[in-house]
Amino acid sequence: MFRGLLVLLLIMALETIHGILRGLFLVPRFGDKLSSQLGWPVAAMLVFAVTYLLIGWTRVTGTAALLRLGAAWAVLTFLFECGISLLRGLDGPRIWAEINPHDGGLMLYSLAVMFVSPLVAARLRT
């Protein structure tokens, strides 16, 4: 499981770089909402690609263990995203808008990708 958490740290670092680049290049051109919508599939593919490449290295096997790893990734990602949002000065309603798909928020979809990626990647690698 420790190696799985190291993979998550790598994913979070890459996602942070992705978010910075999105903010620099897409937000000024397309605005925050559309930039998020454009960047989400790229971020999801990035998560899955890293997971696919490194799932064997984690040595996590078995459906239950892979789902536990995915759950840990989803929870830690949620906490990270909420923490970053607070550091950026976003208030509760704005953070909720990032979470709530009815308000255009994509975070729940991102957390779902984090949750299933270890299991799906492991199954595709076998």
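The values are calculated or read from the model by the stated rules, or taken from the named source; none is laboratory data. What you are looking at is a predicted structure, and each value in this text was computed from that prediction instead of being measured. With ideal geometry, Cβ positions are generated from the backbone for all residues, glycine too; neighbour counts draw on all protein chains shown. Ligands, DNA and RNA are excluded from the accessible area calculation, which covers all protein heavy atoms including side chains. Shrake-Rupley method; radii C 1.70, N 1.55, O 1.52, S 1.80 Å.
When the helix-only estimate is applied to the chain (DSSP H runs of n ≥ 4, each -39,500 (n - 2.57), divided by the residue count), what is the mean residue ellipticity at 222 nm, nearest 500 deg cm²/dmol?
Numbers: 6 runs with 103 residues, N = 126.
Only helices count here, giving -27500 deg cm²/dmol.
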(Q) Once you order the gyration tensor axes a ≥ b ≥ c over the Cα atoms, which shape class does the range 41-82 get: rounded for a/c under 1.5, otherwise prolate or oblate by comparing a/b with b/c? (A) oblate
Q. Where q = 0.13, 0.21, 0.29, 0.30 Å⁻¹, what log10 of I(q)/I(0) comes from the Debye formula for the range 69-126, counting one point per Cα?
A. -0.38, -0.78, -1.11, -1.14
Q: May I ask you to compute the full-extension gain from V75 to T16, defined as 0.36 nm times their residue separation minus their alpha-carbon distance, rounded to one decimal in nm?
A: 19.5 nm
Q | Segment L34-D91, length gained on full extension (0.36 nm per residue, minus Cα span) | A | 18.4 nm
**Q.** Leading residue at positive end of dipole, the range 1-94 (Cβ point charges), from V27, G83, W57
**A.** W57
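Once you keep just the Cα pairs under 8 angstrom separated by 6 or more residues, what percentage relative contact order results for the range 74-126? Working shown, then result.
Details: 25 pairs, mean separation 15.9, N = 53.
Normalised by residue count, the contact order of the range 74-126 is 30 percent.
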Q) Based on Cβ point charges of +1 for Lys and Arg and -1 for Asp and Glu, what charge dipole magnitude is obtained for the chain about its Cα centre, in debye rounded to the nearest 20? A) 420
Q.
Relative contact order of the chain, please, whole-number percent, based on alpha carbon pairs below 8 angstrom and at least 6 residues apart.
A. 34
(Q) For W57, W40, give me the order by solvent-accessible area with a 1.4 Å probe, most accessible first, ignoring ligands, DNA and RNA. (A) W57, W40
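Span-like helices, the chain: DSSP H, alpha-carbon axial extent 18 Å or more, mean Kyte-Doolittle -0.5 or greater, which ones? Walk me through the numbers on the way to the answer.
Values: long enough: 2-21 (29 Å, 1.91); 32-58 (36 Å, 0.99); 63-87 (36 Å, 1.62); 107-125 (27 Å, 1.38).
Span-like helices in the chain: 2-21, 32-58, 63-87, 107-125.
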